[in-house]
Amino acid sequence: MDKKSVASALEEIAACLELKGEDRFRVRAYETAARAIAGYEGDLREALHTGELAQLKGIGPATLEVVSEVLKTGRSRTLQTLRDQVPSGLVEMLQISGLGVAKVRQIHETLLIDSLDELEEAARNGTLSKLPRFGPKTAEKILKGIQFVRQVREFRLLHHARQEAAALAGVLEGMPGVTRVATAGSVRRGREVIRDLDFVVALEGKPSALVERLGTAPGVREFVHESDRVLTLRFAGGTVADVYWTSERGFGYQLLRATGNDDHLASLKVRAEEQGLTWGDCDLSREGEIVSTPSEEDIYHAVGLPFIVPELREGKGEVETAAAGRLPQLIETADIRGFLHCHSNYSDGRSTVREWAEACQLEGYEYLGITDHSLAAAYAGGITLDQICEQHAEIDAVNQELADLRVLKGVEADILTDGSLDYTPQVRASFDFIIASVHSTFGMTERKMTERILKAMDDPSMAILGHPTGRLLLSRDPYPLDLGAVFTKAADCGIAVEINADPQRLDLDWQVVRQAAELGVTISIGADAHSVAALSNMELGVTVARKGWLTKGQVINSRPLEGFLEYVERRRSRN
């Protein structure tokens, strides 16, 4: 049972209690516990066993009991009781933007609606708009909200899916007859949002014992589908997992097919058939004889190609490029020398400058860029002028003590509505480098938002454009923006464009990273981390870069410290 499922159970309990009109403090306790679980970086089962979970801020006796029960059984009796009392559709309605508890109760009590389907029908036929405090515009917004909720409930973020997959892979490894396990599907390809999990297991003997054991695994709600080679499971938290079994001899072929995607596999099939191979559902064969494929490399070799890494298998010309011998040597996490874009306790971060420095030193980074929010970001504790002086003095002291790590004085400066950057030019000059980002007024037209960002790029103090489209995965769409114009100007001005590695952002989208690079844009991979526990964000950013076909040389923080600072200085001197 993964953290997302546990947190979701706590969130649903809170929503049910609120809909029942329970004490607000009790509701808040479950909401707080859900946030604490979602943000916990360690292993929940281990923390429960050691007692660390009981000491976690935000977890009390009642919520700890729920967490313990969900981890052990995959279910919560408290939640089940509440589900019997509160229609599940009302809880889903609370996820629609603009619908609070009062409005959901009004809809339920007045129109006797208790499902999203009924709410959608009422919004379409005009019934909803006739309610007091509603109207046609509200009904239209609710229709869009319903569509969004339906989409979101099918998906999970990549980092959550990876955690779920790692946990289930561990369970599979201990199953009878299993000799090898691999995670496949969109998780292996590094897609930013994931619908289902996919696994391939090498199995000795018949699968009946494996199927029986999986049926009693913690959290398994039902078997959705079963055939002679795959079992589809649905977990209590909503996760769906496909488990494919094969022999060691055919493991590579099954792993390739289960990893996908369909377009990539179709291109491989064409090449296989051109070379007299039969591309079957379960194996590769030649003239009726099965070709041994214990590894994926065996298959690519058989069709005359070098190995293509999973991140590139998206049907974007990778097969043709591989055939021509022109696949790039993709960047790896070990290539990153500078850990950029992190927030300390001077703004909305939870780690001190020293804690950041020591953690990055242990990870082997050469330099660290502290970039707290600027003054305009009051909601995030934007750093004041006095705090800037204090922080810079602290950074100087840390730099004197650490011989093999340099802490850089950075800031994430707001791009204001008129396109100017926060702080005066004199204050901005006190920083080693500046990331500039949009954090407000997202409702501009594409033309206005593009003009705003292009104007900001005229400021010579701006070295990096942060999270360029402002998207929050499964939460907020990107703001409208002419990315072609932004990329062109960034390349011309020598401004790096960020791949923001916050797991809720992963912005730039990997599908436009390649476009940016082809236009000559230098990329920065920024963790946007708010505590040292989020050091692993960098790996997610590298995944996006790899999916965008980036090499080490195209990423600014793969350069040594001197190279990074030279880039910033060239930018400052260009205007």
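The values are calculated or read from the model by the stated rules, or taken from the named source; none is laboratory data. A quick note: this is a predicted structure, and the numbers were derived from the prediction, not measured. Don't worry about glycine lacking a Cβ; one is built from the backbone with ideal geometry, like all the others, and counts go over all protein chains shown.
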Can you work out which of the residues in segment 380-400 that are touching a strand residue (DSSP E or B) at 6+ places or on another chain (Cβ under 6 Å) and more than 20 Å from H439 (Cβ to Cβ) is surrounded by the most Cβ atoms within 10 Å (Cβ to Cβ)? I395
Surrounded by 24 or more Cβ atoms within 10 Å (Cβ to Cβ) and in contact (Cβ under 8 Å) with a residue 40 or more places away in the chain, is that true of L565? no
Looking only at segment 343-361, count how many residues are touching a helix residue (DSSP H, G or I) at 6+ places or on another chain (Cβ under 6 Å), touching a residue at least 60 places away in the same chain (Cβ under 8 Å) and farther than 18 Å from D396 by Cβ. 3
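Quick check: is even one residue across segment 210-217 more than 23 Å from E314 (Cβ to Cβ), in a loop (DSSP other than H, G, I, E, B), modelled with pLDDT under 95 and under 29 Å from the mean Cα position of the chain (by Cα)? Show your work before the answer.
Taking segment 210-217 as the starting set, the residues that turn out to be more than 23 Å from E314 (Cβ to Cβ) are 210-217.
Among the residues that remain, those that are also in a loop (DSSP other than H, G, I, E, B) are: 216-217.
Restricting the remaining residues to those that are modelled with pLDDT under 95 gives 216-217.
From what's left, under 29 Å from the mean Cα position of the chain (by Cα): 217.
Checked segment 210-217: at least one residue is more than 23 Å from E314 (Cβ to Cβ), in a loop (DSSP other than H, G, I, E, B), modelled with pLDDT under 95 and under 29 Å from the mean Cα position of the chain (by Cα).
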Can you report the number of residues in segment 279-296 which are surrounded by 16 or more Cβ atoms within 10 Å (Cβ to Cβ), charged (D, E, K, R) and more than 19 Å from R191 (Cβ to Cβ)? 1
Within segment 549-562, considering residues that are touching a strand residue (DSSP E or B) at 6+ places or on another chain (Cβ under 8 Å) and not in a helix (DSSP H, G or I), the one surrounded by the fewest Cβ atoms within 10 Å (Cβ to Cβ): T551
Only residues that are over 25 Å from R571 (Cβ atoms) and in a loop (DSSP other than H, G, I, E, B): list them for segment 440-458, please. T441, F442, G443, M444, T445
Evaluate segment 362-375: report whether one residue or more is free of Cβ contacts under 8 Å to residues at least 60 places away in the same chain and either among the hydroxyl-bearing types (S, T, Y) or within 19 Å of R571 (Cα to Cα) (or both). yes
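For segment 369-389, which residues satisfy the criterion of being of a type outside the set (F, W, Y) and not in a loop (DSSP other than H, G, I, E, B)?
G369, I370, T371, D372, H373, A378, A380, L385, D386, Q387, I388, C389
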Quick check on E539: is it surrounded by fewer than 24 Cβ atoms within 10 Å (Cβ to Cβ), closer than 23 Å to D432 by Cβ, at pLDDT 95 or above and of a type in the set (D, E)? no
When you go through (1) modelled with pLDDT of 95 or more; (2) of a type outside the set (V, I, T); (3) farther than 22 Å from V544 by Cα one by one for H467, which number turns out not to apply? (3)
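To keep it simple, each residue is scored yes or no on (1) of a type outside the set (D, E, K, R); (2) under 18 Å from G470 (Cβ atoms).
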site	(1), (2)
P503	yes, yes
V513	yes, yes
L519	yes, no
T543	yes, no
G548	yes, no
K552	no, no
N557	yes, no
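Could you say which residue among G252, G237, G276 is buried (at least 16 other Cβ atoms within 10 Å of the Cβ), assigned to a loop (DSSP other than H, G, I, E, B) and either at pLDDT 95 or above or not polar (S, T, N, Q) (or both)? It would help to see each step written out before you state the result.
Working: G252 fails: assigned to a loop (DSSP other than H, G, I, E, B); G276 fails: buried (at least 16 other Cβ atoms within 10 Å of the Cβ).
On inspection, the qualifying residue turns out to be G237.
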Residue tally, condition of a type in the set (A, V, I, L, M), more than 18 Å from L473 (Cβ to Cβ) and not in a helix (DSSP H, G or I), over segment 484-536: 7
Among the residues of segment 350-375 satisfying the criterion of being under 14 Å from V407 (Cβ atoms) and small (G, A, S), which is surrounded by the most Cβ atoms within 10 Å (Cβ to Cβ)? G369
Run V521 past the list (1) modelled with pLDDT of 95 or more; (2) out of contact with any Ser or Thr (no Cβ under 9 Å at 6 or more places or on another chain) and report the number of the one that doesn't hold. (2)
